[in-house]
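Where a number appears in this text, it was derived from the coordinates with a stated rule and is not lab data. Since we're looking at a predicted model, the values are computed, not measured. Counting neighbours? That spans all protein chains shown, and the Cβs are built from the backbone with ideal geometry, glycine included.
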Amino acid sequence: MTLQNVVAGSRYWVAQSSDPSNVIANGDAPGGDIVISGIGALANPMLLTIRVRKGTSGTKYRPFETNAYLVKAGATAYISQQLDPVA
Amino acid sequence: MAIQDDFTLNYTAKTITHTSGSTRYTVNALYSWLMDLFDDSGQMDDAISISAQTPAEYTLVNGWTFGDDATVGYLYGGSIVVEKATTDRDVWANFYTLGTIEPDGVVFWLQNGSAVSAHPGYTQGHIDQLIKVVSGGSDVDSRKVSAFLRNRASGNADLYDHFEATATATGGRNPIPLATSPDSNDDGGDVSAYSITVGFGSYNEDVDGDGTVEGYEVEVDCGGAYTCLQAYKYLRYITRRGETTTLNGTQGQFYTRANAAYPEVKQAPFGTFAGGKFFGARGVLLTNVSDANNRQLIDSSGATRIPPVTVSMVVSGVASGDRVLVARATGTVIDKSQFTAAGSHSSATTVTTNEALAADIPSSGVIRFGDARHTYSGIDRPSKQFTGVSPAVTCANNAPLYSPLVDDTAAGTSMSKSFVYVSDFDVVARVRKKGILPFENTATVTTAGASVSAIRTTDTIVT
């Protein structure tokens, strides 16, 4: 699973959509692509929920959430974070 | 203390509740804190609780709500929509006052006929507060909220003001302009004991003395015991902040006008006071005051009604038995052709004239056809008639006549006649009696009337 274009310093979180307690990844983005490997697929395809947030320091971005289907060949999600001029 | 110390989140019930402290925070501070909180590792599994539409408009989303309405009292500077369900939502609009106001003025809120409490910690001055304008998906009074400033403190009373604002469907940040300044006509003294009654209904009075009554919807009856200024103070007293006694079904502190169709007089809802005169709001009848001339009222039709100014012509320095005459004149020449008879009259007790009988012709008095003196007891101005004339008059068509202001024998040391002032005019005054030298002087009748002081000089020659 690859998350592209994640702003450095963001928090990312990936979980199975049908069971959000099954968290596949949860971490800080170093910048650039984030590759999550070794995912145990429970279904093929498996719908994932992807959240990316950055509201703590520096430039802040609006919460981003999307879904993607994970198949045997993997999946790629392009993360289009938008600036949050309000926070 | 920081905002995270004062608010508590319940992730199960999805509530945000103020639980500590007295600090108030901007809605933006709440939003920024929640954005910061929800990007923490432990909160990534929770859907976000708030979103921002603009820097002044926010929404609690994903089922998040406030734990109680009191929590919102600790927020300001922006509006919040609480999306509880598809059609069930609350909108907390943000209202804030601005303008030049007295620093000790206390703003109070009105919504849908009821008072809304000020936010925690508010004491005086400008205010910035969130008020719920949509509850459970339904607008509260079309999302209208009014702010009032009606300070009438002892020794520090201000002119009043109020303003109604309507929030947008999304709440928004709504400015409310207010302006107050000290009231130079009201010291805020205790007038609670004044026996002045205020009634609402249908009232008629001929305030301007034109012979036709006008209609009013509010009667302020001073019982003949109070001046217009005292009435003004009392009317401010019964509409001051904190006055809950109702006026026409509305608490006094929220009373604004006699009729919703009439313009508001925000500084003083029953009428203002300036230059020693009471200027009534539309439909307000101020009556039985001891200084009736100090009124200018507006009847229910919107017409301004000014009471006639009554003035007096006074001749002083006379003695009982003196013959006194005061009549209109040009220089020292009496105008004996002030009027002309309309048609011939024969033994008539009603004399009709060709000329209009203006309001400054006394309603009773004397008319003279040349040297012939007649009294009259009434006047019919529309018909141009002197009525109750005695003795009866017999005269030819167009016979000249005039109406002296004073024409009688003195019974004391002065003689006077009151009448309505219309415009300035000149008079000549004569005082005569055998044994004194004839006295004559001129004067001009003005809004203050006129007075002549006779000088009685003994005639040492007459025998």
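With the convex hull drawn over the C-alpha atoms of segment B:106-187, the volume per residue is 99 Å³. Across all Cα atoms of segment B:1-159, the radius of gyration (one decimal) and Dmax (whole number) stand at 17.2, 61 Å. For chain B, the relative contact order works out to 10 percent when only alpha carbon pairs closer than 8 Å and six or more residues apart are counted.
The calculated Kirkwood hydrodynamic radius for segment B:413-463 is 12.7 Å, given to one decimal from all distinct C-alpha pairs. Reported value for chain B: 190 Å³ per residue, from the convex hull of its C-alpha atoms.
The convex hull defined by the C-alpha atoms of segment B:247-290 has an orientation-averaged projected area of 3.6 nm². The residue list B:414, B:188, B:60 was ranked by how far each Cα lies along the charge dipole of the protein assembly as shown toward its positive end, using unit charges on Cβ atoms, and B:414 comes out on top. Peptide B:346-357 is shielded by partner chain Cβ atoms: per residue, an average of 0 of them sit within 10 Å of its Cβ.
Less than 15 Å Cβ to Cβ from residue B:434, Lys/Arg counted +1 and Asp/Glu -1: what total charge do the surrounding residues give? Once positives and negatives cancel, what remains is +3.
The charge dipole of segment B:87-162, taken about its Cα centre with unit charges on the Cβ of Lys, Arg, Asp and Glu (plus for the first two, minus for the last two), comes to roughly 120 debye. The alpha-carbon of residue B:233 sits under 25 angstrom from the alpha-carbons of these lysines, leaving out residues fewer than 8 places away in its chain: B:266, B:277.
Evaluated at q = 0.06 Å⁻¹, a Debye calculation over the C-alpha positions of the protein assembly as shown (equal weights, vacuum) places log10 I(q)/I(0) at -0.56.
Straight-line reach from residue B:84: taking Cα to Cα under 29 Å and skipping same-chain neighbours fewer than 8 places apart, the lysines in range are A:54, A:60, B:14, B:132, B:144. Over chain B, dividing the summed -39,500 (n - 2.57) contributions of all DSSP H runs of at least 4 residues by the number of residues returns a 222 nm mean residue ellipticity of -1500 deg cm²/dmol. The local environment of residue B:55, defined by Cβ-Cβ distances under 11 Å, has a net charge of -1 under the rule Lys, Arg +1 and Asp, Glu -1.
Taking the longest Cα principal axis of chain B as reference, the axis of helix B:228-237 is set at about 10 degrees.
Under a cut-off of 24 Å between alpha-carbon atoms, report the lysines in cross-link reach of residue B:433, not counting same-chain residues fewer than 8 places apart. Cross-link targets: B:336, B:417. Local charge for residue B:65 was computed over the other residues whose Cβ lies under 13 Å away, with Lys and Arg +1 and Asp and Glu -1, and equals -1. Within 10 Å of the Cβ of each residue in B:42-50, the mean number of Cβ atoms contributed by other protein chains is 5. Seen against the Cα atoms of chain B and their longest principal axis, helix B:27-37 is set at about 0 degrees. Roughly what % of Cα-Cα distances in segment B:336-453 sit above 25 Å, to the whole percent? Percent of Cα pairs beyond 25 Å in segment B:336-453: 26.
In terms of the mean number of neighbouring beta-carbon atoms within 10 Å, the peptides B:28-37, A:64-73, A:22-31 order highest first as B:28-37, A:22-31, A:64-73.
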